[in-house]
Structures are given as structure tokens and as C-alpha cells.
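If you scroll down you'll find the structure; I have some questions about it.
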Amino acid sequence: MHQPFHFTSIAAYQEQLLNNETSCEAAVQYYCSQIAQWNHLNALVHTFEAEALERARVLDQERKAGKKPGRLHGVVFTIKDVICIAKHPVSAGSCMLKDFISMFDSTAVKKLLDEEAIIIGTNNCDEFAMGSSNENSIYGPVKNQLDEARVPGGSSGGSAVAVQADLCMVSLGSDTGGSVRQPADFCGITGMKPTYGRISRWGLIAYGSSFDQIGILSKHVEDIALVLSVIAGSDAYDSTVSNLPVPDYSHAQPSKKPGEMVIGYFKETLQHEGLDAEIKQQHIQFLSQLQKDGYSVKELTFDLLDYIVPTYYILTTAEASSNLSRYDGVRYGHQHQPLEKELTEFYAANRSSGFGKEVQRRIMLGTFVLSAGYFDAYFTKAQQVRRKLLDQTKLIFNEVDAIVMPVSPTTAFKIGEKNNNPVEMYLADIYTVFANLTGIPAISLPLFEHSNGLPFGLQILTKHFDELSLLRLSSEWMNAYRQRNEK
Ligand code: GLN
């Protein structure tokens, strides 16, 4: 008799499969019932339950017939609605792409499927991944399972809630300025954005192409490591992806001993006036615990902190205004009404009715910063700040092995609370955009709990392409510090 399905980790699940203690079909059936039970959280846009069950049965048969299982054999995924899956709908949470069916698989999805993963549905998200609360979606807001009056964070809010509420084992999101780490922080799970160029962006709907990166959300660092090992690596379809070899992140050796490691933190990040007092306090305590455990903790100065959010919003809106110009109702996207009169009016009608308010705001901002009279004052200046940040960051990593900082200045806020104040919403990205501006990898670990009962995370950042150290440290700290908190 099979036990009722209970997921702990991919490794444990695959062992149960091999010992015939469970089946891929039982796993998919379990997630189908979870999806029905938690439907009102609005985390999923489309579900492919019949298809997932069929695939599960085939995988079960093949395994039983002795076929060597793939590395993600039977692992049940959900995929953010900005990542293409062949012959399935992908809409970027937008009316502009409603009813659009992808003709091809994104490289990340193809690699998952080649290793025998099962995709059970697509995740709700902010429109074109623009947002920090998952309220900007044509499908309506996603609710945080821990308190349904609160946002799950964004833009990969649906992915975070799908993992949080046990609607899948792992989810893929995208992180242009924090969209994987911040929802993970708000939902009490783990979310990782690898180095820019580690995972192919082929088939990821573009927002800010020099920032966008696919990320992984899960409850376990080890599962993230395994999935990263599968989906990372070079791709003929994306010239910005790195050709560096992909290590097996899931068989990470222990990291250097605490005594050999320097952990840095920017004093300005903890002094920032917008930072919740308790989040600050727990980070300070965490740093002193690291010191007690033998790490050297180094205070760093970061005088560009106040510039990073404006720089991020100038550059990403500029890139977005260019990327989104293809959606005109002719080449791509929604057509408001048939072309009758003037072409410009036709485009305007398609774009005004196809794009939501936040996307329109970003396109206008981006067009403004790129306009001839303002190009140097905004776009060129922001590129210079970005370069400066990159140079400083490279120097910092000569001195430290990792940097830690909060993920978000507050815990999950109420649905509607920041909706009318875009600047306040943008400022909340202060701790996440640094990794995207510089391209370094970063992770959000669910280590803390606020006295308001909500979780919040620790963000760890390492140098370019050093995901191995990032994941090793994450796994060690999750084991050491979570245990300690549970005592
Ligand atoms: N909140 C940020 C924005 O709206 C980040 C979005 C993202 O990472 N996709 O741009």
C-alpha cells in the first residue's frame, strides 16, 4: 500500500520512486487535489492536469520497465507565465498576449522536460514581470497563503505561492530586479537568481534584457541546486549566456571553514530609514552569531545605495520600452478593432487596450529617458552608475567571500496598500536590484520570523558565477541557523 503522498525533497522522492513506495502518478494526483483546494489563492493561470497525469503514468511505466530515470524524473513543476512552453498558452499576465500559444519551448523548459520533469501548470505574475506585489495581472492579484489579505510579493508571486501552498515541488520564475527573491521572502520559501548569463533566456518573454534572468523557487536549497545543474549552461539560441562549464551544484562539498571565510555587509543597508526595525535587529543579531561561530564579519561602505533604485528604473524602463514595441497588434498581440482608419491610431488603440496601467507607465518612462533631449541626463548617466557599481563590486569580492543583506525592507504588505503609490512600491526594491545591476547571483533564505507572524529572509550574494559557494553557504546556514531558531 502506498502512503499518502508527502513531499520532502527531490532526492527523497526519487528514492521512494525507486523503492516503489510512491509513484509519479500519486504525486501528480496529490498536486491536482492541492490545486483544487487552494484555487482561490489565484497562483495558477492554467493547469495541465490531464496531460501531467498522462506523463506521470508513462514515466512510472518506463521506470518500472528498467529505463534509467532522468535527473528530474517525476519532479512536478509550475512555470511562470513569461516562460514559453511549446503548444501551451503564455501571456505574461497581460491582455496583450491573452490566448497566445507558444510555438516552441524555452531552453530552460526543454532542459527540464529532457530530464523527465512534469509541468502541471503556469503561474500568475505581474504583467510583463513589472511589479513587486503580483497585483498588476489581468488574472487578478495572487494571495499569500499565510495571510490571504496580503500580497505574496512579485512579480513571480504565483510561483512563490505555488511552492508555499504545496501546489508543485519547484517553480521557475524570472528575476529582473528581485522578482524571485522578494516573493520567496514574503512567502517563507527559498528563491535564487543565478548570475546573469548562467541560464539561457531563450523563450523568456523579455522585460529588461540586460537584467532578466530565470530563477528557481523551492522549499529546499538542495532542490534548487539540482534544478540549476540541469537548466544552466550554454545555448546557441542566446548569445548572452555563458559558455562556462556547469558544475554539479547538487553535490556541493562543504564550503571553506568559518574561520577561513569573510562575510561582508554594507552598513548603509542596515541604516536605511525605510528598513523595518525588527528586520534590522534580526540581521544585526545574525551577523553577531556568524562572528561567534568563527566567521570574520566585515563592515563595508556602499555610498551608491541611494542611486541604485533610480538607476534600475531608468535602465529597465528604457529596455522595456524597446522590448515591448513589438506588441502592436500586427506583429504580435491584441487587436482592439480591425484596421479602418489611420495606422498610428490603430496601434495606439491596440496598445492602450492591450497593456495595463503599470506597463504603460513604464513604456512612457522608458521612452522619456531615451528621448533625444534627455538621453545623456538619464540613460547615459544611469549606465555610468551601473558601470561604477560593477567595478566596485568586483573590488569588494577581492575582500569578502559573500555579502549578506535583507531582501525587502518590510514583510508582506496588504493587498492594495501600495497600489496608488508607484514610487513607494519601487523603493521597496532597494535590496534586490543590486544583484541585477551587477549581474551577480543571489538567494533569499527563509531564516527569520517577524513578531507580526510573517516570515522574512536573509539575502546572500556571491561573485559572478560562484553559485557553488552561494548554494553551499545557503545549505549550511539553513541547517545550522534554522535548527537553532527551532530550539
Ligand atoms: N519589482 C521590480 C520591477 O517591477 C522587479 C521586477 C522583476 O524582477 N521582474 O521592475
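Count, please, the residues in the range 272-291 that happen to be modelled with pLDDT of 95 or more and more than 19 Å from Leu445 (Cβ to Cβ).
1
Oh, and also: Give the range 259-283 a look and list any residue that's farther than 29 Å from Asp391 by Cβ and not small (Gly, Ala, Ser), or say none.
So in the range 259-283, the residues farther than 29 Å from Asp391 by Cβ come out as 259, 276-279, 281-282.
Hits for the range 259-283 are Asp276, Glu278, Ile279, Gln281, Gln282.
A follow-up question, please. Between Ser321, Ser296, which is farther than 26 Å from Ala206 by Cα and either surrounded by fewer than 17 Cβ atoms within 10 Å (Cβ to Cβ) or modelled with pLDDT of 95 or more (or both)?
Unique residue meeting the criteria: Ser296.
Would you check which residues across the range 232-256 are in contact with a helix residue (DSSP H, G or I) (Cβ under 8 Å, 6 or more places away or on another chain) and of a type in the set (D, E, K, R) and list them?
Across the range 232-256, the qualifying residues are Asp235, Asp238, Asp248.
Output the number of residues of the range 403-427 satisfying the condition of being within 16 Å of the ligand (Cβ to nearest atom), within 18 Å of Gly177 (Cα to Cα) and modelled with pLDDT of 95 or more.
Number of matching residues: 6.
Another question, if that's okay. Considering (1) free of Cβ contacts under 8 Å to residues at least 60 places away in the same chain; (2) outside any loop (DSSP other than H, G, I, E, B), say which one Thr22 fails and leave the rest.
(2)
Residue under question is Glu148, and the condition is that it be within 16 Å of the ligand (Cβ to nearest atom) and of a type in the set (Asp, Glu); does it hold?
In short, no.
Which number in (1) within 19 Å of Ser91 (Cα to Cα); (2) among the small types (Gly, Ala, Ser); (3) within 16 Å of the ligand (Cβ to nearest atom) marks the one condition that Gly191 misses?
Gly191 satisfies all of (1) within 19 Å of Ser91 (Cα to Cα); (2) among the small types (Gly, Ala, Ser); (3) within 16 Å of the ligand (Cβ to nearest atom) except (1).
Would you check if Val309 is surrounded by 17 or more Cβ atoms within 10 Å (Cβ to Cβ) and either within 16 Å of the ligand (Cβ to nearest atom) or charged (D, E, K, R) (or both)?
yes
What are the residues in the range 445-455 that are assigned to a strand (DSSP E or B) and farther than 16 Å from Val163 by Cα, if any?
Residues satisfying the conditions are Leu447, Phe448, Glu449.
Separate question: Among the residues of the range 163-177, is there at least one that is assigned to a helix (DSSP H, G or I) and within 19 Å of Glu222 (Cα to Cα)?
yes
On to the next question. Consider Thr195 against the criteria (1) farther than 19 Å from Pro422 by Cβ; (2) part of a helix (DSSP H, G or I): it satisfies all of them except one. Which criterion is unmet?
Of (1) farther than 19 Å from Pro422 by Cβ; (2) part of a helix (DSSP H, G or I), only one is false for Thr195: (2).
Same structure again: When you scan the range 423-463, how many residues do you find that are of a type outside the set (Ser, Thr, Tyr) and farther than 24 Å from Asp126 by Cα? If you could, list the steps in order and put the result at the bottom.
Of the range 423-463, the ones of a type outside the set (Ser, Thr, Tyr) are 423-425, 427-430, 433-437, 439-443, 445-450, 452-461, 463.
Right, trim to farther than 24 Å from Asp126 by Cα and you get 447-450, 452-453, 460-461, 463.
Residues meeting the conditions: 9.
Filter the range 428-444 down to the residues that are in a loop (DSSP other than H, G, I, E, B) and aliphatic (A, V, I, L, M), then identify the one that is nearest to the ligand (Cβ to nearest atom).
So the first thing to find is which residues in the range 428-444 are in a loop (DSSP other than H, G, I, E, B), and the list is 428-432, 439-441.
Next cut, aliphatic (A, V, I, L, M) only: 428, 430, 440.
Numbers: Ala428: 8, Ile430: 11, Ile440: 15 Å.
My answer is Ala428.
Let me ask something else about it. Restricting to the range 162-171, give me the number of residues that are within 16 Å of the ligand (Cβ to nearest atom) and out of contact with any Phe, Trp or Tyr (no Cβ under 7 Å at 6 or more places or on another chain).
Residues meeting the conditions: 0.
Residue-by-condition table, conditions (1) more than 16 Å from the ligand (Cβ to nearest atom); (2) closer than 30 Å to Lys68 by Cα; (3) touching a strand residue (DSSP E or B) at 6+ places or on another chain (Cβ under 6 Å):
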position	(1), (2), (3)
Asp114	yes, yes, no
Ile118	yes, yes, yes
Asp126	no, no, no
Met130	no, no, no
Val142	no, no, no
Pro152	no, no, yes
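Which residue out of His283, His334, His251 is more than 30 Å from Asp223 (Cβ to Cβ) and not β-branched (Val, Ile, Thr)?
Residue meeting the stated conditions: His334.
I've got another one for you. Could you check how many residues of the range 233-268 are aliphatic (A, V, I, L, M) and touching an Asp or Glu at 6+ places or on another chain (Cβ under 8 Å)? First the steps, then the outcome.
We begin by selecting, within the range 233-268, every residue aliphatic (A, V, I, L, M); these are 236, 241, 244, 246, 252, 261-263.
Next, from what is left, pick out any that are touching an Asp or Glu at 6+ places or on another chain (Cβ under 8 Å): 241, 261-263.
Within the range 233-268, residues that are aliphatic (A, V, I, L, M) and touching an Asp or Glu at 6+ places or on another chain (Cβ under 8 Å) number 4.
Additional query: In the set Gly329, Gly333, which member is surrounded by 14 or more Cβ atoms within 10 Å (Cβ to Cβ), free of Cβ contacts under 8 Å to residues at least 60 places away in the same chain, touching a helix residue (DSSP H, G or I) at 6+ places or on another chain (Cβ under 7 Å) and not charged (D, E, K, R)? Reasoning before the result, please.
Details: Gly333 fails: free of Cβ contacts under 8 Å to residues at least 60 places away in the same chain.
Of the residues listed, the single one that is surrounded by 14 or more Cβ atoms within 10 Å (Cβ to Cβ), free of Cβ contacts under 8 Å to residues at least 60 places away in the same chain, touching a helix residue (DSSP H, G or I) at 6+ places or on another chain (Cβ under 7 Å) and not charged (D, E, K, R) is Gly329.
Give Asp248, Asp235, Asp185 a once-over and let me know the one that is more than 14 Å from the ligand (Cβ to nearest atom), crowded, with 19+ Cβ neighbours inside 10 Å and among the acidic types (Asp, Glu).
Among Asp248, Asp235, Asp185, only Asp235 is more than 14 Å from the ligand (Cβ to nearest atom), crowded, with 19+ Cβ neighbours inside 10 Å and among the acidic types (Asp, Glu).
The values are calculated or read from the model by the stated rules, or taken from the named source; none is laboratory data. The model shown is predicted, which means the values in this text are computed figures rather than measured ones. FYI the Cβ positions are ideal-geometry reconstructions off the backbone, even for glycines, and counts take in every protein chain you see.
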